[in-house]
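Read-outs: derived from the displayed coordinates by stated rules, not from any lab. The shown structure was predicted, so the numbers you read here are calculated from the model rather than taken from an experiment. No Cβ is skipped: glycine too gets one built from the backbone with ideal geometry, and neighbour counts run over all protein chains shown.
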Amino acid sequence: MFSTTGTLHYDPQAGKTFDLWWALLQCDEQLAEYYAWLLKRRGVEVHSNAKGLWGTHVSVLKGDPPPNPEAWGKYEGFEVEFHYNHLIRYDNGKHAWTDVYSEQLSEIRMELGFTAKPWYHLTVGRLVRPYEVDFAKYGIT
């Protein structure tokens with residue numbers, strides 16, 4: 001695994017593009033650009049997330065009000081370390097991403113009253129040619 005850092009933001013662009021209670025770890029856009037380039041070399045094209053609405057990021061919370069709202073915003077602008085895998089996944093047929101692990105992000109979630117997550121993900125982008133996945137074929141409902 002590789003290690004780097006991102007900057008934590010609470011409710012980025014609140015009221016403009018999405019509802020409250022979102023927390024994102026903004027990351028170096030070159031991460032998504034690099035992985036999009038690697039995929040393209042292998043014949044899988046993506047619309048890179050680097051220039052998207054939220055840029056290259058790791059979603060920490062996605063609109064769920066925290067059980068301990070008094071801790072909301074406590075780490076705004078903090079640099080948070082995370083580890084990421086070199087493997088690029090796109091098995092949902094719509095997006096490409098790499099898995100992310102961060103004890104710090106899990107600690108922040110727990111301070112807000114949520115459970116720790118073993119894994120997060122950094123979205124590389126949306127597949128230019130999405131495809132349907134027959135999850136039932138693999139016993140997944």
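Mean-square fluctuations from a GNM of the chain, with a 10 angstrom spring cutoff on Cα atoms, peak among 98, 123, 115 at 115. Annotation for region 81-108 versus region 1-58: alpha-carbon center distance of 11 Å.
Among the chymotrypsin sites (Phe, Trp or Tyr not before Pro) in region 34-141, those placed in a DSSP loop whose Cβ has at most 14 other Cβ atoms within 10 Å are 78, 119, 131. Per-residue extension of 0.36 nm, minus the Cα-Cα distance of residue 85 and residue 51, leaves a gain of 10.1 nm for this segment.
Database remark: amide H of residue 121 closer than 5 angstrom to the amide H of 59, 100 (H placed geometrically; neighbours at sequence offset of 5 or more, or on other chains; Pro and chain starts carry no H). Between 0 and 90 degrees, the angle of helix 29-41 with respect to the longest Cα principal axis of the chain falls at about 20 degrees.
Given R₀ = 22 Å, FRET efficiency for residue 37-residue 133 by Cβ-Cβ distance, to 0.05? Let's see the in-between values first.
Numbers: r = 24 Å, r/R0 = 1.11.
Rounded to the nearest 0.05, the efficiency is 0.35.
Taking a point 7 Å from the Cα of residue 126 along the Cα-to-Cβ direction, the residues of region 78-113 with backbone N closer than 16 Å to it are 92-97.
Adding -39500 (n - 2.57) for every DSSP H run of four residues or longer, then dividing by how many residues the chain holds, sets the calculated 222 nm ellipticity at -4500 deg cm²/dmol.
Tell me, in nm to one decimal, what length is gained between residue 44 and residue 70 on full extension, where the rule is 0.36 nm per residue of separation less the Cα-Cα distance?
Details: separation 26, 0.36 × 26 = 9.36 nm, distance 4.37 nm.
The residue 44-residue 70 span can extend by a further 5.0 nm.
Extents of the chain, taken as max minus min of Cα coordinates on every principal axis and listed largest first, are 46, 35, 33 Å. Loop-resident trypsin sites (Lys or Arg not before Pro) (DSSP state other than H, G, I, E or B) in region 1-52 with no more than 14 further Cβ atoms inside 10 Å of their Cβ: 16, 42. Once C-alpha pairs closer than 8 Å and six or more residues apart are averaged by separation and normalised to the residue number of the chain, the relative contact order reads 28 percent.
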